[in-house]
Each structure stands twice: as C-alpha cells, then as structure tokens.
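Participant: Handing you a structure now.
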Amino acid sequence: MQNITTTLKKLFYLWRRSQVPVKQPIKISRIDNLIIFLVCILISIISSYKLLLISPLNIADVFSWFLTFTEILITSGVLILVSKKENPTISSRQIFLIITLLLAVQVTKLALASTISPLSIIIPPALIISQGMGSITALSWVSIASLIWPDPEIVINNNLFFILIVCASIVSLLGGRIRSRAQLLQVSIFVPIGSFLSQWILIGKDKISLINKQDFFLANGDIFSDSLLLAIAMLFTILFIPIFESIFGLLTKARLLELADKEKPLIRRLSLEAPGTFEHTLLICGLAEEATRMIGGDIDLIKTGALYHDIGKLHAPNWFIENQDGLKNPHDELDDPIKSAEVLQAHVDEGLKFARKNRLPKLIANFIPEHQGTLKMGYFFQKAKEKNLEINEYYFRYKGPIPQSKETAILMLADGCEAALRAMNINASDKEALKTISNIIYSRAKDGQLDDSNLSKGEIFLIKRAFLNVWKRIRHRRIQYPSTKNNTFS
C-alpha cells in the first residue's frame, strides 16, 4: 500500500511539474479599477433603467430591475475576466476600450435602435476588439452586447438575431487571424454581402427596396440598406483602427507586419550603421520564429520583436564585437571591466529610448530588456576577477526584468544559442549541436531567467528541436568547385 501511495505521489509531482505555470495578470491601479467599475455601473443603469419607468411601480418591478441591473454588472465583470484570461498582459486602457465600446453600443441601442439595424451596431466594434485583443474576448463581447438589449419595446426578429450572431462570430474569429489591411477590406465587403443574402433567404425578398426611400440609410428592416450601412460602418472602422492602435496601445497583426518591414527607418539604420548586429538579428529571427511556430506561439510578434531587440547598439556600434573589423577593440583600450559592463547595459537603456522615440508598441519594446533579463556579463566579470577587483557580481548583471512571456524567453534562448551554433564545426554531429543547445538553455533556466516566462518542460523540449532543425538547414555543405581561368562555374 505504501508503494502505491509513493508511486501516486511521484506521478502527481511529475504531472504538476509538466504543466504550464499560471501567468499572473498585470496589476491595474485602484484609480483605473474604479473608473472601469463606474463605467460598468453606467452600462447597467442604461441597460435597465426603463424597467423603473413602469407606472404604477411596485416592489416586484423594483426587484426585477435589481436582478437585471445585477446581471448586467456581473456579465460586464465576466467580460473583463475573459479578456484578462486570454491576454494576461492586457492594460487598463484596453479594458477601458472594451467597456467603453459596450457602453457606446448600449447608448446607440437606446437612441437609434428603431432606425439602425443591430448588425451595424454590434459587428464593427467586434472587429476592433478581435483585431486588438483576440477572438475569445471579441466573442464574449458579442455575446453580452447581443443579449443585453436595453429597450424591451424593440423586438428583434429571431432570424435577424441569428444572422447577427453568426456574422459577428465570423468577424470575431477572422479578426483575430487577419494579417493585413487588404484582408480587413475583404471582410468588410464579404460579411455585408453574406448578411444581405442571409436576410434575403431567412427574412424575405419583400424587405428589399432600392428606390423611393426618404431615409435610405436609416431604414431599419430594409435588408439592402441594412447591409449597405453595415459595409460603410465596417469601412470606417478599418480607417479608425490605426487610431485605436495608437490611443489604446493595441497591437494588431497588420501593425506587426508593418513594423517588421526592413525599410522602416530604425531597421534601415541598424543595417547600415551596425551591419554585424543586423546580420546577427536576422539569424536570431530564423531560430526564434521556428521555435515559436513549434510551440504555437505568436510568430508575428516574435519576428517583429527580434528585429528591434538590439536597436540600442546603434548608440555605439563599434563597442560590440560583431561590428568590429577584428583589428581594434575599444574595450581593450578602455581596460576597465566595470565601465565595459556599463556599456553593455547601455545598449538596453538606449534601446528603450529608441523605442519611446519611435513610438514602438510596449509589447515590442519589452523584447529589448527581457531578451537579456538579468544575465551575468561573464566575460567582463572574469576580467574583473583577474584584476583582483573586489566587486559584487550584481554590477555585472543586466538590470532585467527576466522574460515575462514565451516569446521574449525564446528570443533570449535564441540569442544565446545563435553564436554557439554558428561557431560549431560544419562536421559536428546533430548530437553535439543538441548538447550545446541543451547546455545553454539549462544554464538560463538554472539562473532563473525562465521563471516568469510561462514555458513548460514540453515546450522547452520542442524549442531545442526547433533550434537543431534550423542549425541543420544553415550548416549545409557547399560543393568545392575547381579553379579555372574563365571562372564559369556558379
């Protein structure tokens, strides 16, 4: 019996160790929480106050209003919890955007529900939320916005409600995957067409009227005008998404791809002023992208973050070995390990300044300090020890923080493995390469650099295999061509 208990304990321990650690959400200040709570109360009041306008008012009516008020308040809270669960790094500004859009929709329902189709009220905000905060949050928002209808006098056709839910769900699911403005434009065209055909089939052809309408765009119930208004609303939403990105710190797939353009001024400067660093960055991108794809992470995020992670080296490119010509090293002339360590730390500090100056999104700027974490500058620490300098190891560590996401952790590991793999003999075996990768990753994990990264042991195993696969691709042999005068071989 004791053996069985011991075995069960071991199995439970192994299972618990294999699980992904729980990511702690970013703390939101009390003032922000208070503002969000007040907006939720305002939503509940707007959505339920008409229940108190019944005359004569009795206790049952008040109790019914209170239940509705409480239900809406709770559902607003659930929406916030879902958004935090899907994206633990969500900021107070983004939560405020979600709640404000819900408030705006409820106000629009009260003011214009009799003249504007619910399709045009619900679907455009769903596109914004799915683009900036993910499909699950958008689907939750659609569910709440569709079910909470503040005016009981306005009855929505069941078929129309079904079409609304389907179209809004499609927009929510596609919005989280769309990777370009062109795809957004396609959605803004095909979804209204789909809603038009669906209403034509389920509601009836007699609801179409192309002429003799005084209030064409405000003709709720006319399926052609409803679909046309939806298309116009979605087109305007696409135009305003970049503004929402700037104000609320949203990071859409399209925005990531725009930032990853190598003709961007900052990336172009890196390629011209620090070509060695730029080449190192491209190699890291290959490693990090393959590893992220292997574990199902955000490929667009890490691809863009990797391009900007070393932009701080622009402040003094020649102080970093990859940009030196091999003849002169400023650190040798300085001959001061402490000041050399300060130069290395400066590339992180200056990188953050470049990020602020160029208005890089916070999720991209996070790659700059987190790819170094609190790693020890071992070379200069050893130099200080050789000089018999009595100094704390703390002064030879980066300031951090350690990686707070899977993507920044993968970049740290890719940064460490890239130089080691490139330096390996072309005839090295896969086993030797895997051992080198494992040693580097183990040293990072032992140093506590991966503690907050949310990487599981299974994912770390997949990352090792991904790095090995990339190394096998880039170390291929070249044919030894014979030397001739004409040199016609290619």
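Read-outs: derived from the displayed coordinates by stated rules, not from any lab. Remember, it's a predicted structure, so these values are computed and weren't measured experimentally. In this analysis, Cβ positions are derived from the backbone assuming ideal geometry, glycine residues included, and neighbour counts consider all displayed protein chains.
Participant: Find how much the distance from GLU342 to ARG177 grows on full extension, using 0.36 nm per residue of separation minus their present alpha carbon separation; answer in nm with one decimal. Show your work: numbers first, answer last.
Facilitator: Numbers: separation 165, 0.36 × 165 = 59.40 nm, distance 4.18 nm.
Extra length available between GLU342 and ARG177 comes to 55.2 nm.
Participant: Run the simple label-point estimate for LYS27 and LYS435 please: 7 Å along Cα→C-beta, distance reported in nm.
Facilitator: 4.6
Participant: Taking only DSSP H segments of four or more residues, each worth -39500 (n - 2.57), what value at 222 nm results for the chain once the sum is divided by all its residues, to the nearest 500 deg cm²/dmol? Kindly include the intermediate steps, with their values, before the conclusion.
Facilitator: Working: 21 runs with 322 residues, N = 490.
Here the helix-only value at 222 nm equals -21500 deg cm²/dmol.
Participant: Determine the gain in length on full extension of the stretch ILE243-LYS50; use 0.36 nm per residue of separation and subtract their C-alpha separation, reporting nm with one decimal. Write down the numbers at each step before the final one.
Facilitator: Working: separation 193, 0.36 × 193 = 69.48 nm, distance 3.46 nm.
Extending this stretch completely gives an extra 66.0 nm.
Participant: For the charge dipole of the stretch 297-452, defined by +1 on Lys and Arg C-beta atoms and -1 on Asp and Glu C-beta atoms about the Cα centroid, which residue among TYR308, GLN382, THR436 has the Cα displaced farthest towards the positive pole?
Facilitator: Value: TYR308.
Participant: Give the distance, in whole Å, between the Cα centre of the stretch 286-347 and the Cα centre of the stretch 37-100.
Facilitator: 48
Participant: A follow-up question, please. Can you give the charge dipole size of the chain about its Cα centre, rounded to the nearest 20 debye, using +1 on the beta carbon of Lys and Arg and -1 on the beta carbon of Asp and Glu? Can you show the working numbers first?
Facilitator: Working: 55 positive and 43 negative charges, 272 e Å.
Using only the charged Cβ atoms, the result is roughly 1300 debye.
Participant: Near LYS387, within a Cβ-to-Cβ distance under 12 Å, what is the net charge of the other residues, with Lys and Arg +1 and Asp and Glu -1? Working shown, then result.
Facilitator: Working: positive: LYS383, LYS385; negative: ASP335, ASP336, GLU386, GLU390.
Every neighbour counted, the sum reads -2.
Participant: Scan the stretch 51-142 for chymotrypsin sites (Phe, Trp or Tyr not before Pro) in coil per DSSP, keeping those whose Cβ has at most 11 other Cβ atoms within 10 Å, and list them by number. Walk me through the intermediate numbers first.
Facilitator: Values: sites: PHE63, TRP65, PHE66, PHE69, PHE96, TRP141; in loops: none.
Of the chymotrypsin sites (Phe, Trp or Tyr not before Pro), not one in the loops of the stretch 51-142 has a Cβ with at most 11 other Cβ atoms within 10 Å.
Participant: Also, I was wondering about something else. What's the longest bit of the chain with no exposed trypsin sites (Lys or Arg not before Pro), using DSSP loop states and at most 14 other Cβ atoms within 10 Å as the test?
Facilitator: 28-176
Participant: Follow-up. Just to be sure I understand the model, the point goes 7 Å from the Cα along the line to the Cβ. What's the resulting ARG359 to THR70 distance in nm?
Facilitator: Taking the two extended label points, one gets 4.7 nm.
Participant: Name the residue from LEU455, GLY175, ILE122 whose Cα lies farthest towards the positive end of the charge dipole of the chain, charges +1 on Cβ of Lys and Arg and -1 on Cβ of Asp and Glu.
Facilitator: LEU455
Participant: Using Cα atoms only, what is the angle between the long axis of helix 457-474 and the major principal axis of the chain, expressed in degrees (0 to 90) to the nearest 10?
Facilitator: 60
Participant: In whole Å, how far is the Cα centre of the stretch 357-403 from that of the stretch 405-463?
Facilitator: 18
Participant: Same structure again: If I stretch the segment between LEU334 and PHE236 completely, what's the gain in nm (0.36 nm per residue apart, minus their alpha carbon distance), one decimal? Walk me through the intermediate numbers first.
Facilitator: Numbers: separation 98, 0.36 × 98 = 35.28 nm, distance 5.77 nm.
Contour length minus the Cα-Cα distance gives 29.5 nm.
Participant: Points 7 angstrom from Cα along the Cβ direction at LEU257 and LEU197: gap in nanometres?
Facilitator: Simple spin-label model gives 2.4 nm for this pair.
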